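The values are calculated or read from the model by the stated rules, or taken from the named source; none is laboratory data. None of the values given here were measured: they were computed from a predicted structure. Cβ sites come from the backbone with ideal geometry, for glycine too, and all protein chains shown count toward neighbours.
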Amino acid sequence: KIDKNGISYTRENGKTEMMQSEIILNATGRCPNLENIGLDEIGVLYNAEGIKTDLQGKTSVPGVWACGDVTGRCLLAHAATREGIVAVNNMFGKKDMMRYKAIPNVIYTHPEVAGAGMTEQMLQQEEIGYKKNILPLNISGRFVAENGKKVGYVKVLTGSQYNEILGVHIIGGVASEMIYGISAFIEMEMRVEDIKEIVFPHPTVSEAIKEAICQIK
């Protein structure tokens, strides 16, 4: 709740707390601008979320392609770049296809927040069995040296049967600079046992990610 006294919010334990703030940012998201660009005239299918495309970038009309935020699939610049490459490759006869399961997302705040793969909510909704481990980033000496008493965490989600990496989420430090490696783990369908064989550089904050993964049995 926001009023002249500040922002009040309720924690998971039911306790209500108050926070003072000079500025409030209301980030409500974006929607594609599809008006008056001729989609109806040529028969391209779309809805309020965006232009309908397949994983090659094709629309409902042969020879018409779409990529980026206008498709409503993944409103991230790096996803749009890959979608554009996929579309152009297919235009010129090189088969290519988008995969969305490991695209990293980042919130550039202080501290940074980054994630790749599935969240717990997604796994629960799809009734996928999983294991979880959460580890503080301050087990890394470098994190402590660079961040002092600030805290950070890494959460790892793996499949309950094969221990494959399903998702990793980080808060703290330069999370944005580490999350790309997680995308590679997920794309390659790597398991906990595979990660154990990879040598991470020392001293780095990324070692905390490996430790969080390797603790899962």
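Matching residues to (1) at pLDDT below 95; (2) assigned by TED's automatic domain parsing to the domain that holds Gln121; (3) within 19 Å of Lys101 (Cα to Cα):
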position	(1), (2), (3)
Val144	yes, yes, no
Gly148	yes, yes, no
Tyr153	no, yes, no
Leu166	no, yes, yes
His169	no, yes, yes
Ser183	no, yes, yes
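Please tell me if Met178 is touching a strand residue (DSSP E or B) at 6+ places or on another chain (Cβ under 9 Å), over 16 Å from Glu112 (Cα atoms) and not aromatic (Phe, Trp, Tyr).
Working: touching a strand residue (DSSP E or B) at 6+ places or on another chain (Cβ under 9 Å): yes; over 16 Å from Glu112 (Cα atoms): no; not aromatic (Phe, Trp, Tyr): yes.
Here the answer is no, as Met178 does not meet what is asked.
I'm told Tyr100 meets every condition in (1) free of Cβ contacts under 8 Å to residues at least 60 places away in the same chain; (2) under 25 Å from Leu25 (Cβ atoms) except one. Can you identify the failing condition by its number?
(2)
In this structure, is Ile128 surrounded by 13 or more Cβ atoms within 10 Å (Cβ to Cβ) and either part of a loop (DSSP other than H, G, I, E, B) or at pLDDT below 95 (or both)? Let's see the steps before the verdict.
Values: surrounded by 13 or more Cβ atoms within 10 Å (Cβ to Cβ): yes; either part of a loop (DSSP other than H, G, I, E, B) or at pLDDT below 95 (or both): yes.
So Ile128 passes the test.
Check Ile7, Ile42 and return the single one that is surrounded by 11 or more Cβ atoms within 10 Å (Cβ to Cβ) and at pLDDT below 90.
On the way: Ile42 fails: at pLDDT below 90.
Of the residues listed, the single one that is surrounded by 11 or more Cβ atoms within 10 Å (Cβ to Cβ) and at pLDDT below 90 is Ile7.
Pairs please, first residue from the range 131-145 and in contact (Cβ under 8 Å) with a residue 60 or more places away in the chain, second anywhere and of a type in the set (Ser, Thr, Tyr) and part of a helix (DSSP H, G or I), Cβ atoms under 9 Å, 6+ apart in sequence or on different chains.
So the pair list comes out as Ser140/Ser206.
Mind checking whether some residue in the range 25-47 is part of a loop (DSSP other than H, G, I, E, B), touching a residue at least 12 places away in the same chain (Cβ under 8 Å), farther than 26 Å from Glu177 by Cα and of a type in the set (Asp, Glu)?
For the range 25-47, residues part of a loop (DSSP other than H, G, I, E, B), touching a residue at least 12 places away in the same chain (Cβ under 8 Å), farther than 26 Å from Glu177 by Cα and of a type in the set (Asp, Glu): absent.
Yes or no: the range 64-82 includes at least one residue that is under 27 Å from Gly117 (Cα atoms), at pLDDT 95 or above and over 24 Å from the mean Cα position of the chain (by Cα).
Looking for residues that are under 27 Å from Gly117 (Cα atoms), at pLDDT 95 or above and over 24 Å from the mean Cα position of the chain (by Cα), one finds at least one in the range 64-82, hence yes.
Considering only residues that are of a type in the set (Phe, Trp, Tyr) and in a loop (DSSP other than H, G, I, E, B), which ones fall in the range 150-188?
The first filter runs over the range 150-188 and keeps only residues of a type in the set (Phe, Trp, Tyr), leaving 153, 162, 180, 185.
Tyr162, the sole residue that qualifies.
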